[in-house]
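Student: Would you mind keeping the following structure in view while I ask a few things?
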Amino acid sequence: MSAGSEWAAPLGEALRRTGISAEQGAPMGARTTYRVGGAAALLVVLEGLHEFEALAEALCALEAVPVMVLGLGSNMLVADDGFDGVVALLGSGFNYQRPEGGRMLLGGASPLPVASRKVAAMGYAGFEWAVGVPGSVGGAVRMNAGGHGSEMGESLVEAMVFSLEERQMLRRPAASLDLAYRHSNIGSAEVVVEAALDLGEGDPAISKARISEIVAWRREHQPGGQNAGSVFVNPPGDHAARLVEACGLKGYRLGGAEVSPKHANFIQADPGAPARDVIALMAMVRDRVSEEHGVRLHTEIRLVGFEDDFALPDQGSR
């Protein structure tokens with residue numbers, strides 16, 4: 001943690017006086033699926049909407065303190081030095097799935113695999129694909145996550161988003177989110193509290209069978225262990241995995257990081273490996289593909305806390 005986080009102790013104390021859970025120097029990398037990287041200067045858990053307002057008000061009294069929202073950390077790599085800012089987490093009260101007014105409402109903290117199964121059991125179809133994405137609903141909206149022929153934008157009607165900068169809840173129609181392949185315009189200081197989906201009527205038995213097919217396919221074709229899923233966005237008309245494999249990099253190792261022998265667009269981290277090995281391997285793979293194929297790959301992994309001269313300079317817009 002850098003010396004600039006002297007603000008963390010007084011801010012944490014102020015937030016705790018309002019009833020917000022706030023932990024200084026909390027492990028952050030350990031909360032991601034890579035399980036590497038350092039701590040957050042201050043980590044807060046938001047259990048109710050009034051706590052959003054209290055956090056936003058406290059942040060207004062400080063200058064230039066970076067803020068970000070963390071879901072399940074399934075698409076993130078945290079630097080070894082951590083993040084010298086405030087990390088906000090949604091509490092368990094934002095983990096829900098319920099039909100209302102012809103829509104399916106999903107809390108921002110809902111794990112996608114759980115939400116997929118519960119939605120299917122309630123007789124709704126069109127969200128089965130999400131069982132294979134190990135992230136949260138909020139994170140899925142922010143990155144327009146997808147797989148198996150669908151993505152959030154296919155069924156998203158609107159999202160309720162709390163802006164910590166504007167200090168208010170915003171109703172964001174899907175058309176206003178600039179949704180594209182693994183992209184939205186939701187900022188790092190905006191919390192996706194709820195997503196409203198328009199799903200079709202389904203047969204729970206058929207949906208359950210489809211979910212089982214997706215789970216079996218992913219187990220067969222994608223590695224487990226410490227990774228964050230696909231590292232690079234597929235370039236137009238091609239697949240990042242094909243390009244990486246064509247460079248002979250499948251199974252290539254750099255320190256405690258390895259291009260998966262099972263899927264070339266996955267980079268695995270060894271237990272206890274430093275994040276610098278993972279980012280260095282990402283950069284090496286990107287540069288090799290550029291040299292050999294003339295294609296500049298962009299990462300879909302969210303990079304947190306890296307210095308400008310070390311992070312991938314052309315990281316995607318997320």
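Student: Can you tell me which residues in the stretch 239-297 are within 23 Å of residue 37 (Cβ to Cβ) and among the charged types (D, E, K, R)?
Tutor: Residues satisfying the conditions are 253, 258, 270, 276, 277, 286, 287.
Student: Right, another one. Which of the numbered conditions does residue 246 fail, given that it passes all the others? Conditions: (1) farther than 30 Å from residue 86 by Cα; (2) in contact with an Asp or Glu (Cβ under 6 Å, 6 or more places away or on another chain).
Tutor: (2)
Student: For residues that are polar (S, T, N, Q) and surrounded by fewer than 16 Cβ atoms within 10 Å (Cβ to Cβ), tally how many sit in the stretch 262-312.
Tutor: Counting residues in the stretch 262-312 that are polar (S, T, N, Q) and surrounded by fewer than 16 Cβ atoms within 10 Å (Cβ to Cβ) gives 1.
Student: Only residues that are in contact with a Ser or Thr (Cβ under 7 Å, 6 or more places away or on another chain) and free of Cβ contacts under 8 Å to residues at least 24 places away in the same chain: list them for the stretch 148-205, please.
Tutor: The answer is 170, 178.
Student: How do the strands (runs of 3 or more DSSP E) wholly within the stretch 24-126 filter down when requiring 2 or more residues that are at pLDDT 95 or above, of a type in the set (Val, Ile, Thr) and farther than 30 Å from residue 223 by Cα: which remain?
Tutor: Result: 39-46.
Student: Same structure, new question: Among 191, 259, which is the only one that is buried (at least 17 other Cβ atoms within 10 Å of the Cβ), closer than 15 Å to residue 281 by Cα and β-branched (Val, Ile, Thr)?
Tutor: The unique qualifying residue is 259.
Student: Report, by residue number, each residue of the stretch 103-121 that is touching a residue at least 60 places away in the same chain (Cβ under 8 Å) and out of contact with any strand residue (DSSP E or B) (no Cβ under 8 Å at 6 or more places or on another chain).
Tutor: 116, 117, 120, 121
Student: Something else: Quick check on my filter: what residues within the stretch 133-149 are in contact with a helix residue (DSSP H, G or I) (Cβ under 6 Å, 6 or more places away or on another chain), within 21 Å of residue 98 (Cα to Cα) and surrounded by fewer than 21 Cβ atoms within 10 Å (Cβ to Cβ)?
Tutor: none
The values are calculated or read from the model by the stated rules, or taken from the named source; none is laboratory data. In this text the structure is predicted, and so the values were computed from the model without any measurement. As a convention, Cβ positions derive from the backbone with ideal geometry for all residues, glycine included, and neighbour counts pool all protein chains shown.
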